[in-house]
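The values are calculated or read from the model by the stated rules, or taken from the named source; none is laboratory data. Note that the structure is a prediction, hence the values are computed from the model and not measured. Note that each Cβ is placed from the backbone with ideal geometry, even for glycine, and that neighbours are counted across all protein chains shown.
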Amino acid sequence: MDDLSIQYDFGHTDLKLINHFERKMKISLPNSFVKLLSKHNGVKFLNNSFNYTDLDGNFEESSVSFCCFGNVSSTNIDDFQDSDIYGYENIVTFGLNGGGLYSL
């Protein structure tokens, strides 16, 4: 994990914030995810683009960045845990794409 091509991040985050989120959501995040975001909170990689076909059959491109822990940006992970409005339980949003959609 030392040789990542990072476009930006918001620096280190306190593990207490991540642990608090895990307890609140009643989940256990993968160790590699915790290690990554504890060093690179809200990371966006340089090579983060992907191609997809939308519902109309159009070929599109988008990108993904991770949500942040704590109050360091507008992408605070706590602000995106409203998936219950879609009728899904036990779904955790951890990232966002360029079109404003959630990464679950």
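Which members of the range 29-53 meet the condition of being small (Gly, Ala, Ser) and in a loop (DSSP other than H, G, I, E, B)? So that I can check it myself, show each step before the final result.
Narrowing the range 29-53 to residues small (Gly, Ala, Ser): 32, 38, 42, 49.
Listed by number, the list holds a single entry, 42.
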Legend entry - In the range 15-46, the residues that are within 15 Å of residue 66 (Cβ to Cβ), out of contact with any Phe, Trp or Tyr (no Cβ under 7 Å at 6 or more places or on another chain) and surrounded by 10 or more Cβ atoms within 10 Å (Cβ to Cβ): 29, 33, 34, 35, 36, 38, 39, 40, 45, 46
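If you go through the range 56-78 one residue at a time, how many are loosely packed, with under 12 Cβ neighbours inside 10 Å and modelled with pLDDT of 75 or more?
Filtering the range 56-78 for residues loosely packed, with under 12 Cβ neighbours inside 10 Å gives 56-59, 61, 71, 74.
Now restrict to residues that are modelled with pLDDT of 75 or more: 56-59, 61, 71.
Within the range 56-78, residues that are loosely packed, with under 12 Cβ neighbours inside 10 Å and modelled with pLDDT of 75 or more number 6.
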Legend entry - Pair list, Cβ < 9 Å and 6+ apart or interchain, from the range 10-29 residues that are in contact (Cβ under 8 Å) with a residue 24 or more places away in the chain to residues that are of a type in the set (Val, Ile, Thr) and loosely packed, with under 14 Cβ neighbours inside 10 Å: 21/27
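Considering only the range 62-81, state which residues are in a strand (DSSP E or B) and in contact with a Ser or Thr (Cβ under 6 Å, 6 or more places away or on another chain). Show your work before the answer.
Taking the range 62-81 as the starting set, the residues that turn out to be in a strand (DSSP E or B) are 62-66, 68, 76.
Hits for the range 62-81 are 63, 64, 68.
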Inset, instruction - Test residue 57 against the stated conditions and say whether it is in a loop (DSSP other than H, G, I, E, B) and within 15 Å of the chain's Cα centre (by Cα). - result: no
